[in-house]
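The values are calculated or read from the model by the stated rules, or taken from the named source; none is laboratory data. In this text, all values refer to a predicted model and were calculated from it rather than measured experimentally. Reconstructed Cβ throughout: ideal geometry from the backbone, glycine too, with neighbour counts over all protein chains shown. Note: areas computed on protein heavy atoms with side chains; ligands, DNA, RNA excluded. Shrake-Rupley method; radii C 1.70, N 1.55, O 1.52, S 1.80 Å.
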Amino acid sequence: TQLLEQSPQFLSIQEGENLTVYCNSSSVFSSLQWYRQEPGEGPVLLVTVVTGGEVKKLKRLTFQFGDARKDSSLHITAAQPGDTGLYLCAGSMDTGRRALTFGSGTRLQVQP
Amino acid sequence: DAMVIQNPRYQVTQFGKPVTLSCSQTLNHNVMYWYQQKSSQAPKLLFHYYDKDFNNEADTPDNFQSRRPNTSFCFLDIRSPGLGDAAMYLCATSRGLAEGVAKNIQYFGAGTRLSVL
């Protein structure tokens, strides 16, 4: 059972379109991270959200943490081919020395 | 400059022939992780070390072992690779675990793509 479910699993869009990726769980996370992984490379951290309801912007990317800290979304405005990659959310729980829980991933392809 | 370095980037081995993948870090982080990633899927955590404490995920096969001789290096040993073990193997590090937001950010290497013939 995947603790963090991402949707959609795969998204293919044209350059200039907007999109939203969702990361959902029934568990509460103390913080949530978003990573992007380009083909043939390791994931790279984009942002960390900590507070329920928090919104962070990174150029054309907007990240939101749900009020109850169980879900998060990533919105990309005017997508570009350089946004192509695998987007991963990863949650951290309060209790104990536990590693991050990674989501199931969303593969985004932006066509020029 | 790369902070988490994996060698080699590509590794080819034969069915049943032991293979070792290596990872080194210049960040002096306490935690080192090994993930397996198959095509178009999310990384799957195999195990991690917090300093010298080894933490194995419940569903990691016995075929996979790890060694961390010092802070900087961590190795993934696959004792008898099968065709199903062909994948990208990612190493990552973090300062800590669930002790604070900044401490559990993971820094990944570029990965080693393993092929099994």
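Considering only B:46, B:83, B:27, give the residue with the highest GNM mean-square fluctuation for chain B, with springs between Cα atoms whenever their separation is below 10 Å. The residue with the greatest mean-square fluctuation here is B:83.
When you restrict to C-alpha pairs under 8 Å that are six or more residues apart and normalise by the size of chain A, the relative contact order lands at 37 percent. Sorted largest first, the principal axis extents computed over the alpha-carbon atoms of the protein assembly as shown equal 47, 40, 37 Å. Sites listed here are chymotrypsin sites (Phe, Trp or Tyr not before Pro) in region B:1-104 whose DSSP assignment is loop and whose Cβ has at most 15 other Cβ atoms within 10 Å: B:15.
Using only the C-alpha atoms, the convex hull of chain B corresponds to 104 Å³ per residue. In the protein assembly as shown, a dipole from Cβ-located charges (positive for Lys and Arg, negative for Asp and Glu) runs towards its positive end, and of A:85, A:112, B:84 it is B:84 whose Cα lies farthest in that direction.
Using 1/(1 + (r/R0)^6) with R0 = 41 angstrom and r between the beta carbons of residue B:44 and residue A:55, what's the FRET efficiency to the nearest 0.05?
On the way: r = 30 Å, r/R0 = 0.74.
So the FRET efficiency works out to roughly 0.85.
Placing dummy labels 7 Å off each Cα toward the beta-carbon, the span from residue B:60 to residue A:104 is 2.5 nm. Shown here for region B:32-94: trypsin sites (Lys or Arg not before Pro) in loop regions (DSSP other than H, G, I, E, B) with at most 16 other Cβ atoms within 10 Å, namely B:38, B:52, B:79. Ratio of Rg to Rh for region A:12-89: 0.97 [Cα atoms; Kirkwood radius as inverse mean 1/r over pairs].
Couplings for region A:103-108, taken from phi via the Karplus curve 6.51 cos²θ - 1.76 cosθ + 1.60 with θ = phi - 60°, read x, 6, x, 10, 8, 10 Hz in order; Gly and Pro are left as x.
Only Cα pairs under 8 Å and 6+ residues apart enter the sum, and on that basis the relative contact order of region A:35-75 stands at 27 percent. Sequence-ordered 3J(HN,Hα) estimates for region A:70-84 from the Karplus curve with 6.51, -1.76 and 1.60 and θ = phi - 60° stand at 10, 8, 8, 9, 10, 10, 10, 9, 6, 4, 10, x, x, 7, 4 Hz, glycine and proline given as x.
Measuring with a 1.4 angstrom probe and ignoring ligands and nucleic acids, residue B:60 comes out at about 10 Å² accessible.
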